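> First the structure, which I've put down as structure tokens, then a few questions once you've had a look.
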Amino acid sequence: MKKILVLLGASLALVACKEQEETIRSAGPQLPSKLYSYVWNRSQPTFTGNSWLRNVRITDEKATLGRVLFYDKALSVNNVTSCGSCHMQSKGFGDGKALSEGFLFNETPRHSMHIVNTGANSRFFWDGRSVILKDQVLLPISNHIEMGLEDENLLIAKVDAIDYYDDLFEEAYGNGLVTKERIAEALASFVGSIVSYNTKFDQVERGVDRFTALEEKGKDLFNNKYNCASCHGGKNFNAEWGETAFSNIGLDAEDTDEGLNGRFKVPNLRNVMVSAPYMHDGRFSTIEEVLNHYSSGLKQNANLDWRLRQFDPTGMNISPDEKEALIAFLHTLTDYDLLSDPKYSDPF
Amino acid sequence: MKIILSSILSILVCSFSYGQTSNKVRHELGVNASGFASNYLNFSGVVQSNNPYSITYKSLRSKGGLRVGLGGTYIKRDIHPPNQFSSDVVNGTLDFRIGYEWHNLLNDHWSFFYGLDGVIKNVRSEATSRTRLFNGRELVDIDVWSVARREGFGAQAVTGLQWNIKPRISLNTEARVLFVYTEIETGTEFRNVPQEVRDFNPGVDFDAKLNTDFERTLNFLVPLDIYVVFKLNKT
């Protein structure tokens, strides 16, 4: 009897513990001898020059510096996370998790947003609490869950002590001086350069490709019958300006997260098919669940947007065929060039 | 806190004294098979595991008995970027429950059980990082230690269903209402910072920063996990 118990105890202890070891090592930042081009081509169709642009003039040198900063784990207090940990190129610069893990594995209160065409944003974050990209990019660094480097002087001292930044600051600004403003501007230049304009949708607009019948049907449902475009409008499938860029889509009857007065930012739907899970709390892990919500899951929240009040109280009653068509259309918004372009990749 | 500890104690006392009345003891060992099962079954979109106990043990008499569960994870990461700003990260969780359960046979193959547990739920992430800073002449290594620790105590009420496939093998799953009181400690501490580095970086605040916080949570957990139960002796 005792033997059994001892054996039991031992096997319990062994089996109950899952151990995992992982070593992350890499060579220095691998940068091309001729800089990649990050400067926008004004003819790229997806921009509306917004407020933050007044503060940032993207140059290839600044964006190159920004790219290294974006992927450098030294920007967190314990060298564990970089912006790239939660904004991964292969996932449309989202991170594939409902909630992200910060520098000490604590969860962020909201789902990581997939970054794309920030030039078409009037405000940043799910609740729009940041208005200027150059200010926004420093917030994750000092955030106590995300990167934990609360002391900006320590940030400067750390970056200053890393040898490869000497040349990068020199090239971007003419001398090697490290300042908070330069870090912010470089990061904003890189983030602002993450532009999508070569999806199938764009190619069809430009007349060089054609939608399939199913995609065409999906587009029609999106723009007309279900009028998704009344919120996810324009070439960025978001709502660009002011308060109307935020809305409540009846996820819950009572809000668990205040957002911006009970509303959340209408997310850009470019690359949406690679950036699951969805919504500000990452509650839906598939696009089908999102459509089921719009179709029959609406809750009568006091702030529910008027554009959704025109349907049945529970939703739009989207048929299975229509769901298929909508999904086919959403697939045309994936920008494979952006997801694989080496100029946005992790240089380490 | 006191209430929780005393309730754990009373559950234990109750379980042992109850145990005296019958002499046939059945030992059951359960293994959480959800991870294994999810390789073959795909419940799309459903969180596939919410029961942290990898292994459970029950010592049951005719009406009920003692139940114990244990689970944990341990991840060690060794981050060495090229810039000498390294970090050794350890992330561990420990989940333990002990309690008493009653069970009823519904028919030859199915039984139903319910019970109460005392619960310990700990999470700990710690990083020992090396950062280099100037002292005016050269780069000096300083150690930055950061921690996030969650120590939770609580209690849960469970109810479950067991399918007795073979005399020695069963499957079961349980739903729980779990209350946990957690003490959360987070912080950063700079170690061995030479005076020269402090002098050269007067703006940097090298004081240790540690915060303590408390959290109370009440969760209803649906029965998502499947345990394969081995009966160690015949009854």
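> How large is the helix-only mean residue ellipticity at 222 nm for chain A, computed as the sum of -39500 (n - 2.57) over DSSP H runs with n ≥ 4, divided by its residue count, in deg cm²/dmol to the nearest 500? Walk me through the numbers on the way to the answer.
Values: 14 runs with 113 residues, N = 348.
When only DSSP H runs of four or more count, the value is -8500 deg cm²/dmol.
> Just A:LYS225, A:LYS97, A:LYS34 to compare: in a GNM of chain A, with alpha carbon springs under 10 Å, which one fluctuates most?
Highest fluctuation among the options: A:LYS34.
> Compute the distance in nm between two label points, each set 7 Å from the Cα along the Cα-to-Cβ direction, one at A:LYS180 and one at B:ILE169.
For the pair A:LYS180/B:ILE169, the computed spacing is 6.4 nm.
> For A:LYS219, go through the lysines and keep the ones whose alpha-carbon is under 27 Å away, minus same-chain ones fewer than eight residues off.
Once the sequence-local lysines are set aside, what remains near A:LYS219 is A:LYS91, A:LYS200, A:LYS235, A:LYS265, A:LYS299, A:LYS323.
> Would you mind telling me which residue in A:GLY315, A:GLY192, A:GLY94 has the biggest mean-square fluctuation in a Gaussian network model of chain A, where springs connect alpha carbons within a distance under 10 angstrom?
Top of the fluctuation ranking is A:GLY315.
> Still on this structure: Averaged across B:188-196, how many Cβ atoms of other chains sit within 10 Å of each residue's Cβ atom?
So the per-residue partner count for this stretch is 1.
> Give, in whole angstrom and from largest to smallest, the semi-axes √(5λ) of the equivalent ellipsoid of the stretch A:200-331, with λ running over the eigenvalues of the Cα gyration tensor. Present the calculation step by step, with values, prior to reporting the outcome.
On the way: eigenvalues 124, 54, 37 Å².
With the √(5λ) rule applied to the stretch A:200-331, the semi-axes are 25, 16, 14 Å.
> Could you pull out every residue, at least 5 positions away or on a different chain, whose amide H is within less than 5 Å of the one on A:GLY233? Hs are placed 1.01 Å off N in the peptide plane, and Pro or chain starts have none.
Those lying under 5 Å, H to H, from A:GLY233 are A:ASN238, A:ALA239.
> Roughly how big is the A-B contact, given as buried accessible area in Å² (both sides, 1.4 Å probe, nearest 100)? Write down the numbers at each step before the final one.
Numbers: alone 17360 and 13920 Å², together 27560 Å².
Chains A and B together bury roughly 3700 Å² of accessible area.
> Let me ask something else about it. Enter the Cα centre distance for the pair the stretch B:49-119 and the stretch A:96-134, rounded to the nearest angstrom.
Value for the Cα centre distance between the two parts: 33 Å.
> Additional query: Could you compute the FRET efficiency for A:ASP337 and B:VAL25, with r as their C-beta to C-beta distance and R0 at 45 Å, rounded to 0.05?
On the way: r = 67 Å, r/R0 = 1.48.
Once rounded, the FRET efficiency stands at 0.10.
> Then there's this: With only alpha-carbon atoms counted, please give the Rg and Dmax of chain A, in Å.
Spelled out, the Cα radius of gyration and Dmax of chain A are 22.5, 80 Å.
> Could you pull the accessible area for A:TYR36 with a 1.4 Å probe, rounded to 10 Å²?
The accessible area of A:TYR36 comes to roughly 70 Å².
> Check every DSSP H run in chain A and write down those whose alpha carbon atoms cover 18 angstrom or more along the long axis and whose mean Kyte-Doolittle hydropathy is -0.5 or greater. Don't jump to the answer; show the numbers that get you there.
Working: long enough: A:2-16 (21 Å, 1.89); A:180-193 (20 Å, 0.24).
For chain A, where a helix must reach 18 Å along its axis and average at least -0.5, the hits are A:2-16, A:180-193.
> What does a probe at B:LEU232 reach in the stretch B:56-96, counting residues whose amide N is under 18 Å from the point 7 Å along Cα→Cβ?
B:56-62, B:64-71
> Just from the alpha-carbon atoms, what are the Rg and Dmax of the stretch B:48-107 in angstroms?
19.8, 66
> Taking every pair of Cα atoms in the stretch A:168-251, average 1/r, invert it to obtain the Kirkwood radius, and report Rg/Rh to two decimals.
Here Rg/Rh amounts to 1.19.
> Counting partner chain Cβ atoms within 10 Å of every residue's Cβ in A:67-79, what's the average? Intermediate values should be presented prior to the final figure.
Numbers: counts 0, 0, 0, 0, 1, 4, 7, 9, 1, 5, 9, 18, 16.
Shielding by partners across A:67-79 averages 5.
> Here is a further query. Counting only protein chains, not ligands or nucleic acids, how are B:LYS24, A:LYS91, A:LYS343 ordered by accessible area (probe 1.4 Å), most first? Present the calculation step by step, with values, prior to reporting the outcome.
Working: B:LYS24 130, A:LYS91 65, A:LYS343 35 Å².
Heavy-atom accessible area, descending, gives B:LYS24, A:LYS91, A:LYS343.
> Can you work out the FRET efficiency for the pair B:LEU161 and B:ARG137, with r the C-beta to C-beta distance and R0 = 56 Å, to the nearest 0.05?
Numbers: r = 70 Å, r/R0 = 1.26.
Using R0 = 56 Å, I get an efficiency of 0.20.
> Here's something else I'd like to know. Modelled label-to-label distance, B:ASN107 and B:PHE179, 7 Å Cα→beta-carbon offset: nm?
3.8 nm
> Continuing with this model, one more query. Would you rank A:VAL266, B:VAL90 by solvent-accessible area, highest first, keeping every protein chain in place and using a 1.4 Å probe?
On the way: A:VAL266 10, B:VAL90 50 Å².
From most exposed to least exposed: B:VAL90, A:VAL266.
> Let me ask something else about it. Ignoring everything but the protein chains, give the 1.4 Å probe accessible area of B:HIS27 in square angstrom, nearest 10.
10 Å²
> Under the rule of at least 5 residues apart or a separate chain, name every residue whose amide H is placed under 5 Å from the amide H of B:SER54.
The list, which skips near neighbours in sequence, is B:LEU70, B:GLY71, B:GLY72.
> Report the label-to-label distance for A:ALA213 and A:LYS299 in nanometres (one decimal), using points 7 Å from each Cα along the Cα→Cβ vector.
4.1 nm
> Sticking with this one: Could you sort A:LEU138, B:LEU105, A:LEU65 by accessible area so the largest value comes first, with the probe set to 1.4 Å?
Numbers: A:LEU138 30, B:LEU105 135, A:LEU65 0 Å².
Correct descending sequence by accessible area is B:LEU105, A:LEU138, A:LEU65.
> Pairs A:LYS158/A:LYS180; A:LYS62/A:LYS158; A:LYS158/A:LYS343; B:LYS24/B:LYS58: which are spaced more than 22 Å apart, C-alpha to C-alpha? Before the final figure, lay out the partial values.
Working: A:LYS158/A:LYS180 12 Å; A:LYS62/A:LYS158 19 Å; A:LYS158/A:LYS343 25 Å; B:LYS24/B:LYS58 13 Å.
In this structure, A:LYS158/A:LYS343 exceed 22 Å between Cα atoms.
> Take the alpha carbon atoms of the stretch B:170-222, find their center, do the same for the stretch A:286-342, and report the distance between the two centers in whole angstrom.
Spelled out, the Cα-based centre of one part sits 38 Å from the other.
> Across the residues of A:150-160, average count of Cβ atoms on other protein chains within 10 Å?
Numbers: counts 3, 8, 2, 5, 10, 1, 3, 9, 8, 1, 3.
Mean partner-chain Cβ count within 10 Å for A:150-160: 5.
The values are calculated or read from the model by the stated rules, or taken from the named source; none is laboratory data. It should be emphasised that the depicted structure is a prediction, and the values quoted were computed from it without experimental measurement. Here the Cβ is made from the backbone with ideal geometry for all residues, glycine too, and neighbour counts use every protein chain on show. Side chains included, ligands, DNA and RNA excluded: accessible areas come from the protein's heavy atoms. Shrake-Rupley method; radii C 1.70, N 1.55, O 1.52, S 1.80 Å.
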